[in-house]
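Below you'll find the structure, written out as structure tokens, and then a few comments.
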Amino acid sequence: MKVILIKDVPGQGRCGDVLNVAEGYARNYLIPRGLASVASEAKIKELAERQRVQASKDQKLEQVARELAARLENLTVQLKAKTGEGGRLFGSINNKDVAEAMEAQHKITLDKKKLIVKEPIKQLGIYSITAKLHTTVQAEIRVEVVGE
């Protein structure tokens, strides 16, 4: 029996997949639990249209991410921090601090969860931080930590 998955089913497939499964499995498990629906010709066409629209949206989002990545490659974010002896910071600089400084200095809003700081910054200097803007787009941001 052909079914279209409405939700992800472990071991079977992801949402939107069209599968051939045993009739009993479909009628007794997948359909009653709302995991799948019977694949008719109209539903398959509707699914194809939804996937085409989603692919178009994803392509636009990726293009926007690439444009933002091009802007970020040339920027340097400067953070001021209190230091002790030898240039060590009191505390550390994390992704939240970088996101706030980016907003304040360059008016670019980035989600702090998308900024990857490999290890906390605890010294003065220039560092490189990765920003994951899209599943296929990443950008390197230069962060300069200076003493107050």
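Values in this text are rule-based calculations from the coordinates and carry no lab data. Being a predicted model, the structure only gives us computed values, none of them experimental. So basically every Cβ, Gly included, is an ideal-geometry build from the backbone, and we count neighbours across all protein chains shown.
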Notebook entry, point to check: Using the Kirkwood radius built from alpha carbon pairs, what does the Stokes-Einstein equation give as D for the chain at 20 °C and 1.002 mPa s, in µm² per second?
Noted result: 113 µm²/s
Check: Using alpha carbons only, how many degrees (0 to 90, rounded to 10) separate the axis of helix 95-106 from the longest principal axis of the chain?
Finding: 70 degrees
Checklist line | Whole-number percent relative contact order across the chain, with pairs defined as alpha carbons under 8 Å at least 6 apart | finding: 21 percent
Next item on the list: Could I have the simple spin-label model distance between residue 59 and residue 1, label points 7 Å from Cα toward Cβ, reported in nm to one decimal?
Entry: 3.7 nm
Check: Tell me which lysines have Cα within less than 28 Å of residue 43's Cα, excluding those fewer than 8 residues away on the same chain?
Finding: 2, 7, 57, 60
Item checked: Sites matching trypsin sites (Lys or Arg not before Pro) across segment 19-95 that sit in DSSP coil, with at most 16 neighbouring C-beta atoms within 10 Å -> 33, 82
Next item on the list: Would you mind telling me which residue in 30, 110, 79 has the biggest mean-square fluctuation in a Gaussian network model of the chain, where springs connect alpha carbons within a distance under 10 angstrom?
Entry: 30
Checklist line | the chain: angle of helix 41-73 to the longest principal axis, Cα-based, in degrees nearest 10 | finding: 10 degrees
Notebook entry, point to check: Given the options 138, 12, 78, which has the most mean-square fluctuation in a GNM of the chain, springs set between C-alpha atoms less than 10 angstrom apart?
Noted result: 12
